[in-house]
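K.L.:
Attaching a single structure in structure tokens format; questions to follow.
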Amino acid sequence: MPTMTAALAGVAAVLVLSGYTVWLYNRLVRLRNLARSSWADIDVLLKKRHDLVENLVETVKGYAAYEKATLLGVTEARARAVQAEGPAEKGKEETVLGERLRSLFALAESYPDLKASESFIELQKSLTEIENGIEYARRYYNAVVRDYKTATEVFPSNLVSARLGFGKEEFFQLDSPAERERTDVRLS
């Protein structure tokens with residue numbers, strides 16, 4: 001009889017441990033997929049930003065054609081940001097692009113006709129909306145990555161995550177102290 005009780009207790013323990021492992025695995029998969037999904041949301045917003053920057057540069061060109069250095073700097077920063085891969089590299093290149101955009105908007109101050117241009121004003125409004133969306137998406141993505149990292153690194157789920165190949169996710173960080181401040185792109 002004691003052998004039968006021990007066997008049943010062992011089977012029960014295996015079932016509970018298996019159930020817990022399945023629950024942990026499913027939780028890690030959900031968090032990983034949520035992190036990937038939220039990164040895709042950021043990627044969509046960044047694509048919109050990059051497209052908008054291209055239109056913005058073309059609009060400014062018409063009014064400030066001889067400001068080639070500034071326009072070239074924005075165009076090159078946009079190209080590097082488009083080509084960047086992964087949150088760390090994207091964060092670095094997006095920081096540079098943000099700095100170049102600030103110089104472009106500072107340049108626009110010197111051109112009253114440009115500031116009054118309807119297309120410039122519309123692009124400016126769109127950029128403000130996209131910047132707000134990116135700010136929100138960054139916060140959400142980093143919160144999801146924080147939860148995922150915590151779930152993969154704490155005991156006992158770290159035993160499951162290590163054995164089942166759950167990789168690390170990167171935070172989307174800003175490198176520049178100026179970028180950490182809210183960017184106000186309104187000129188009026």
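K.L.:
Working only within region 77-95, note down all residues that are free of Cβ contacts under 8 Å to residues at least 12 places away in the same chain and either among the acidic types (Asp, Glu) or under 24 Å from Ile121 (Cα atoms) (or both).
P.N.:
The answer is Ala79, Glu85, Glu89.
K.L.:
Checking the condition surrounded by 16 or more Cβ atoms within 10 Å (Cβ to Cβ) and assigned to a helix (DSSP H, G or I), which residue from Glu54, Glu93 passes?
P.N.:
It is Glu93.
K.L.:
Kindly indicate which of Glu93, Glu99, Glu76 is out of contact with any Ser or Thr (no Cβ under 6 Å at 6 or more places or on another chain) and more than 16 Å from Glu131 (Cβ to Cβ).
P.N.:
Glu76
K.L.:
May I pose another question? So Thr183 passes all but one of these: (1) under 30 Å from Val57 (Cβ atoms); (2) among the β-branched types (Val, Ile, Thr); (3) modelled with pLDDT of 80 or more; (4) touching an Asp or Glu at 6+ places or on another chain (Cβ under 7 Å). Which condition number does it fail?
P.N.:
With (1) under 30 Å from Val57 (Cβ atoms); (2) among the β-branched types (Val, Ile, Thr); (3) modelled with pLDDT of 80 or more; (4) touching an Asp or Glu at 6+ places or on another chain (Cβ under 7 Å) applied to Thr183, the lone miss is (3).
K.L.:
Here's something else I'd like to know. Just to verify a result, which residue in region 109-151, among those that are among the polar types (S, T, N, Q) and modelled with pLDDT of 90 or more, is nearest to Gly98 (Cα to Cα)?
P.N.:
Per the stated criteria, the residue is Asn132.
K.L.:
Criterion first (more than 27 Å from Gly133 (Cα to Cα), of a type in the set (Phe, Trp, Tyr) and modelled with pLDDT under 85) does Tyr63 satisfy it? Explain how you work it out, then say what you get.
P.N.:
Numbers: more than 27 Å from Gly133 (Cα to Cα): yes; of a type in the set (Phe, Trp, Tyr): yes; modelled with pLDDT under 85: yes.
When the stated conditions are applied, Tyr63 passes them.
K.L.:
Please list, ordered by residue number, the helices (runs of 4 or more DSSP H) wholly in region 98-170 having 1 or more residues that are under 18 Å from Asn26 (Cβ atoms).
P.N.:
Of the helices (runs of 4 or more DSSP H) lying wholly inside region 98-170, those with at least 1 residues that are under 18 Å from Asn26 (Cβ atoms) span 118-153, 157-163.
The values are calculated or read from the model by the stated rules, or taken from the named source; none is laboratory data. Being a predicted model, the structure only gives us computed values, none of them experimental. So basically every Cβ, Gly included, is an ideal-geometry build from the backbone, and we count neighbours across all protein chains shown.
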